[in-house]
Amino acid sequence: MKLITDTAELSATCTRLAAHPFVTVDTEFMRETTYYARLCLIQIASPEEAVLIDPLADGIDLAPFFALMADESTIKVFHSARQDVEIIWTMGNVIPTPLFDTQVAAMVCGYGDSVSYEQLANDLAKARIDKSSRFTDWSRRPLSEAQRAYALSDVTHLIPVYETLASQLAETGRSAWLDEEMAVLIDPATYEGDPARAHRRLIGRVRKVKELAVLIEVAAWREREAQSRDVPRNRVLKDDAVVELAISQPRDAEAMARLRSVPNGFERSRSAAGALAAIEAGLARDLSELKLPERSRGRGNAGATVDLLKVLLKAVCEQNDVATKIVATVDDLEAIAENDDADVAALKGWRRVLFGDKALALKHGRLSLAIEDGTVIVTPHAQTGSA
């Protein structure tokens with residue numbers, strides 16, 4: 001299990017790999033103490049060979065690898081691709097295309113929500129994954145034989161997994177469903193840590209527009225700080241503290257020190273000045289330009305509708321052998337319950353055909369649910385009208 005450590009060998013290997021219609025790819029990385037992931041190992045396999053690439057090797061240039069990732073003639077197969085693609089985009093300014101994510105494909109094919117690679121390898125490749133090296137420190141050298149074997153297994157067993165899923169997608173006519181999902185994963189905007197969007201993960205924890213204004217600025221400040229220092233955002237300030245700053249809006253260090261979630265002594269740090277400036281910027285924002293999302297205002301009388309939509313979703317997904325998670329989220333259902341024209345994935349593309357139109361029909365009494373022999377039956381109502 002040779003480890004490629006020089007550019008010439010990497011170039012020759014990538015040339016061979018590019019001759020195949022697809023390659024399977026995985027990466028090992030560390031990011032516990034950094035904002036940006038540190039790439040420690042690359043694994044690639046074709047039906048003829050499997051290789052390990054050492055990105056930490058002295059003097060190695062990963063340009064041939066990035067060129068392979070950009071080669072439109074070779075499909076790049078990953079399992080749960082998002083973090084791997086983010087690393088490749090950050091380091092090489094390249095998005096692997098065409099892209100095939102076996103985790104997403106498995107959900108489309110009905111293998112359950114967020115199915116693991118180990119489960120797919122067991123079910124589709126009849127292989128057992130040795131997990132003993134799963135939580136290893138991939139930045140340390142030399143790599144043991146056990147580490148190398150584990151790393152290679154992440155791409156060798158992925159070959160039959162990919163071939164089986166691709167065949168099932170073609171047989172069921174769902175390849176276009178996967179294409180819609182891959183469109184998000186190949187969009188560079190998916191991986192850009194835009195500080196202006198950093199508040200979105202926390203937006204459901206504020207209830208007033210003024211709090212939202214401060215949250216936007218404080219979250220953006222924290223994101224910029226984490227990026228500039230290359231540390232995890234929670235190393236700058238934890239989520240609870242960001243939310244409490246948005247709600248309490250302290251105007252000076254003394255007031256900040258009284259907040260429970262703010263670490264002791266933070267108010268005296270250099271970062272505190274930046275946080276206070278962000279709060280002031282938030283308070284100065286034009287609130288007329290801001291709007292809380294509908295679902296952060298509470299479910300109101302839509303709760304019963306959401307519960308019925310959950311039953312419908314489960315019934316439709318079981319009938320069509322597709323994972324519920326990929327069709328609609330609870331947030332989607334809440335949004336549909338409140339707005340027929342909600343801007344959610346469940347009301348777009350193949351999801352609308354499969355579920356969204358039925359959800360609207362149920363909401364407006366044009367469809368009913370019943371139980372027969374322990375199974376939920378979905379029944380559209382006959383349309384009536386005058387001649």
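The values are calculated or read from the model by the stated rules, or taken from the named source; none is laboratory data. Here the structure is a predicted model, which is why all the values come from computation and not from measurement. Cβ: placed from backbone, ideal geometry, glycine included. Neighbour counts: every protein chain shown.
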Restricted to region 316-342, and to residues that are polar (S, T, N, Q) and not in a helix (DSSP H, G or I), which residue is farthest from the chain's Cα centre (by Cα)? ASN339
Give me a count of the residues in region 1-32 that are loosely packed, with under 15 Cβ neighbours inside 10 Å, farther than 16 Å from THR136 by Cβ and either within 23 Å of the chain's Cα centre (by Cα) or at pLDDT below 95 (or both). 1
Can you tell me how many residues within region 157-194 are in a loop (DSSP other than H, G, I, E, B), surrounded by fewer than 15 Cβ atoms within 10 Å (Cβ to Cβ) and of a type in the set (Gly, Ala, Ser)? 1
Would you pick out the residues in region 62-92 that are polar (S, T, N, Q) and either within 22 Å of GLU192 (Cβ to Cβ) or touching a Leu at 6+ places or on another chain (Cβ under 8 Å) (or both)? THR74, SER80, GLN83, THR90
Determine which member of the set ALA50, ALA45 is surrounded by 16 or more Cβ atoms within 10 Å (Cβ to Cβ), in contact with a Leu (Cβ under 6 Å, 6 or more places away or on another chain) and at pLDDT 95 or above. ALA50
Within region 351-366, the residues that are buried (at least 20 other Cβ atoms within 10 Å of the Cβ) and within 11 Å of THR379 (Cα to Cα) are LYS358, LEU362
Scan of region 110-157 for residues that are acidic (Asp, Glu), farther than 28 Å from THR5 by Cα and out of contact with any Lys or Arg (no Cβ under 8 Å at 6 or more places or on another chain), ordered by number: ASP123
Just the residues that are of a type in the set (A, V, I, L, M), in a loop (DSSP other than H, G, I, E, B) and under 27 Å from TRP177 (Cα atoms), please, taken from region 60-91. ALA81
Regarding region 369-376, can at least one residue be identified that is surrounded by 13 or more Cβ atoms within 10 Å (Cβ to Cβ) and free of Cβ contacts under 8 Å to residues at least 40 places away in the same chain? no
Output the residue which, of all residues in region 65-112 that are at positive phi and in contact (Cβ under 8 Å) with a residue 40 or more places away in the chain, is surrounded by the most Cβ atoms within 10 Å (Cβ to Cβ). GLY110
ALA57 being farther than 30 Å from ASP194 by Cα, in the same structural domain as ALA170 (by TED's automatic domain parsing), out of contact with any Phe, Trp or Tyr (no Cβ under 8 Å at 6 or more places or on another chain) and in a loop (DSSP other than H, G, I, E, B): yes
